[in-house]
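Asks: Got a structure here, written out as structure tokens. Questions coming.
Just so you know, all these numbers are worked out from the coordinates, no wet-lab data involved. Note that the structure is a prediction, hence the values are computed from the model and not measured. So basically every Cβ, Gly included, is an ideal-geometry build from the backbone, and we count neighbours across all protein chains shown.
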């Protein structure tokens, strides 16, 4: 069974879902825990600022047991004891396929149709391949989802008027600083989100921009590319002090801007107002920073209102997108069904050939046949003929492998000794 255990901006607040955000090292460790169950066959983890989704493959396991095992294992790995089931969604088979295709196309994103998710899915797939956590069925599923997305982006108008979480963050800045282009901005993080944020700031006419990053080389390269300034990460506190707006988007699992740090900074700024936008999951800016006078803090969940204002018209494209998604899902399920029959067909051929060989050898021993080659040719002919007939009927009876209960019975039927 291919299934999905997921948590997202639609099902939980960031305070809950950030606890299930895993980096590549954690994914590898979590996979080792799952592999202790012999029914577990594969895993792909998609972890972004808006979702943590665990796509898995369990063999010979009922749906209820599979989801129970996955959720229990995740809670164990993340060291969570309380009941958090209500924040998760559970999908299996066709529902899983449809959900993934919608995620990759961007129509399931907070920002409808955003393209950043495509790179994140590709990264999730690459990570699973490098760690060896993926199996052939999940591999094919993710590959098909990316193929579908490519067609969606070229055959529909989904890319027109593109919007992103980063752009929403800049729009949010205007609510506090209408004179945004005259304000000093500090970007903490030089990854994909940081780059998109920088582009949005430049489009708005902002010039006083500083970039800092733990890996200084990345900050320098990004700053040089867009003709802005960079500063060493060791100067973070100093740069916060001289900045009106701080936008954070790093892959850190920890808080990097604490309440104590900001209290010290705001005093040195003579209580001049300051805005923090935290695009990271887990959060990098302590929620307690919001308790400080003249300081405003927004996280990714606070951007929903801005996003909703910009995407109603784009949702009219859903029908066009769904047509393409259904086309590729059908391709995938047909492949999966054919794959289900492969083992049965192989058993039929192997066992019929084995029976033919054993019976023919016995016949030759007890009979003095002078034309053994003729016997060999005839036995091969009759074996192939009955095998083809059985395979033809097999495909009809199982609806080309879609009726899994029949496939299972036939597998057992042809496991001859």
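Asks: What is region 167-308 by shape, rounded, prolate or oblate, if you read a ≥ b ≥ c off the alpha carbon gyration tensor as root eigenvalues and call it rounded for a/c under 1.5, prolate for a/b larger than b/c, and oblate otherwise?
Replies: rounded
Asks: Continuing with the same structure: Which of rounded, prolate or oblate describes region 122-184 when judged by the alpha-carbon gyration tensor and an a/c cut-off of 1.5?
Replies: In terms of gyration-tensor shape, oblate.
Asks: Turning to a different aspect of this structure: Full extension from residue 60 to residue 216: what is 0.36 nm times the residue separation minus their Cα-Cα distance, to one decimal in nm?
Replies: Fully extending the segment from residue 60 to residue 216 adds 51.2 nm.
Asks: With a ≥ b ≥ c the root eigenvalues of the C-alpha gyration tensor of region 155-215, is it rounded (a/c under 1.5), prolate (a/b larger than b/c) or oblate?
Replies: Oblate is the answer for region 155-215, as a/c is 1.5 or above yet b/c matches or exceeds a/b.
Asks: Report the calculated FRET efficiency for residue 384 and residue 15 (r = Cβ-Cβ distance, R0 = 45 Å), to the nearest 0.05.
Replies: Efficiency, from the Cβ-Cβ distance: 0.10.
Asks: Roughly speaking, what is the centre-to-centre gap between region 298-332 and region 110-162 when only Cα atoms are used, to the nearest Å?
Replies: Here the two parts' Cα centres lie 14 Å apart.
Asks: What is the gain in length, in nm to one decimal, between residue 204 and residue 85 on full extension, counting 0.36 nm per residue of separation less the C-alpha to C-alpha distance?
Replies: Extra length available between residue 204 and residue 85 comes to 38.6 nm.
Asks: Figure the gain on full extension for residue 273 and residue 315 (residue separation times 0.36 nm, minus the Cα-Cα span) and round it to one decimal in nm.
Replies: Gain on extension, residue 273 to residue 315, equals 11.4 nm.
Asks: Oh, and also: Testing the spin-label approximation: label points 7 Å from Cα along Cα→Cβ at residue 229 and residue 326. State their distance in nm.
Replies: For the pair residue 229/residue 326, the computed spacing is 5.7 nm.
Asks: Moving on. So if R0 is 25 Å, what FRET efficiency would residue 301 and residue 130 give, r being the distance between their Cβ atoms, rounded to the nearest 0.05?
Replies: It comes to 0.20.
Asks: Quick check: pseudo-label points 7 Å beyond the Cα along Cα→Cβ at residue 157 and residue 260, how many nm apart are they?
Replies: 5.5 nm
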